Amino acid sequence: MLKSPHITAAEIASEIGITDRAVRKIISALKGKGLVERVGSNKSGYWKVNLK
C-alpha cells in the first residue's frame with residue numbers, strides 16, 4: 001500500500017498468496033486501528049497509510 005496506493009484487495013491477495021476475503025478482513029482490522037484509510041471511492045480512490 002505504501003509503494004502502490006491504488007492497489008486493490010484482489011491484487012494484494014494475488015501478490016501474497018492468500019484469498020481476497022482474507023485480505024479484506026485484514027484491511028478491515030487495520031482500518032479499525034486507524035493504520036490505513038481509503039481516500040476517495042472504492043474504484044478510483046487510494047490507500048493512505050498512517051505511520052505514527
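The values are calculated or read from the model by the stated rules, or taken from the named source; none is laboratory data. Every value quoted in this text rests on a predicted model; they were computed, and no experiment measured them. As a convention, Cβ positions derive from the backbone with ideal geometry for all residues, glycine included, and neighbour counts pool all protein chains shown. Remember, those area values only see protein heavy atoms, side chains included, never the ligands or the DNA or RNA. Shrake-Rupley method; radii C 1.70, N 1.55, O 1.52, S 1.80 Å.
Odds and ends about this structure:
- Lys48 vs. criteria out of contact with any Phe, Trp or Tyr (no Cβ under 9 Å at 6 or more places or on another chain), open to solvent by 70 Å² or more (accessible area, probe 1.4 Å) and outside any loop (DSSP other than H, G, I, E, B): yes
- The combined condition, being outside any strand (DSSP E or B), loosely packed, with under 14 Cβ neighbours inside 10 Å and more than 12 Å from the chain's Cα centre (by Cα), is fulfilled by Glu15.
- Of all the numbered requirements in (1) open to solvent by less than 70 Å² (accessible area, probe 1.4 Å); (2) at pLDDT 95 or above, Met1 misses one, and that requirement is (2).
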